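These notes concern the structure reproduced below.
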Amino acid sequence: ALIVNVIASIVALAYSASWVGARSFRATLSHWRSITRPAIPLGLFALGTQVLISVDLWSLNALGDQVSEEVKGFYVAAVNIARLPSLVGHVLVGVLVPAVARAMAAGKEHAVQRSVSDSARFLAVTLLPGCALIAVEAEGFLEILFSGSYGEARDLLRLLIFAQGLFFTILVTECAILIGWGSPVWRER
């Protein structure tokens, strides 16, 4: 996977360089400000979400022998299933940030409102029923994806599917809207 990622990145960079010219990749101080203004909040957002999604596992590990290995395994299994809906949020981030930024730059606030309502409707139609299904069938999901002994983690999964699956995905989606909303302001300054 690492090799494929490296090769894909090289191919994408070569294609981009052939399309816009290799000289456009040369960093100059004149571009520094236009790059860092949006990059700092985006970087803080990425750092915050990565810390937020990992702090539970760090805490579990920090407890050491106070928590049995079996319980740690149950938690890790449950949290891995609970994080699956967050893929929807990552897709929405890639769509919403440029869509909202473009609409704001064009002064089309109705398009921003439509993006917000469409994303909320999409989450309500897909994410909420999906999380509810996983909560109802938690034991079955754990047994199918891991093994029969992991079915005991069903109560953990029922809690985590809403905490990490539903609410974390909504948080990431709303942050994408706010990031896109702020983008035109950075360009005007």
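Surface composition of region 56-108: carbon plus sulfur atoms contribute 63% of the solvent-accessible area (1.4 Å probe, protein chains only, all chains present).
A simple spin-label model places pseudo-atoms 7 Å from Cα toward Cβ; at residue 68 and residue 163 they are separated by 2.0 nm. Only one residue of 63, 144, 4 has its Cα farthest out toward the positive end of the dipole of the chain, where Lys and Arg carry +1 and Asp and Glu -1 on Cβ, and that residue is 4.
What is the sum of charges around residue 111, taking Lys and Arg as +1, Asp and Glu as -1, for the other residues whose C-beta is under 12 Å from the C-beta of residue 111? Net of charged neighbours comes to +1. Under a model in which nothing but the beta-carbon of Lys, Arg (+1) and Asp, Glu (-1) is charged, region 4-89 shows a dipole of about 760 debye around its Cα centre. Inverting the pair-averaged 1/r between distinct Cα atoms of the chain gives 19.4 Å as its Kirkwood hydrodynamic radius.
Note on the chain: with a GNM built from Cα contacts shorter than 10 Å, the maximum mean-square fluctuation among 19, 58, 32 falls on 19. For region 76-189, a crude dipole built from +1 on the beta carbon of Lys and Arg and -1 on the beta carbon of Asp and Glu, taken about the Cα centre, is about 580 debye to the nearest 20. Using the 1.4 Å probe convention, the accessible area of the chain works out to 65 Å² per residue with neighbouring protein chains retained. A full extension of the chain between residue 132 and residue 155 corresponds to an added length of 7.0 nm, given 0.36 nm per residue minus the alpha carbon distance.
Given a Förster distance of 35 angstrom, what is the FRET efficiency for residue 55 paired with residue 125, based on the Cβ-Cβ distance and rounded to 0.05?
Given R0 = 35 Å and the Cβ-Cβ separation, E is 0.70.
Charged side chains reduced to their Cβ positions (Lys and Arg at +1, Asp and Glu at -1) give region 69-131 a dipole of some 280 debye around its Cα centre.
Tell me which DSSP H helices of the chain clear both cut-offs, 20 Å or more of axial length from alpha-carbon atoms and a mean Kyte-Doolittle hydropathy of at least -0.5.
Both cut-offs are met by 2-20, 29-62, 86-105, 168-188.
Highest-first packing order for the peptide set 167-180, 114-127 is 167-180, 114-127, based on the mean count of other beta carbon atoms within 10 Å.
The values are calculated or read from the model by the stated rules, or taken from the named source; none is laboratory data. Bear in mind the structure is a predicted one, so any value in this text is a computation, not a measurement. Positions of Cβ are generated from backbone atoms using ideal geometry, with glycine treated the same way; all protein chains shown enter the neighbour counts. Side chains included, ligands, DNA and RNA excluded: accessible areas come from the protein's heavy atoms. Shrake-Rupley method; radii C 1.70, N 1.55, O 1.52, S 1.80 Å.
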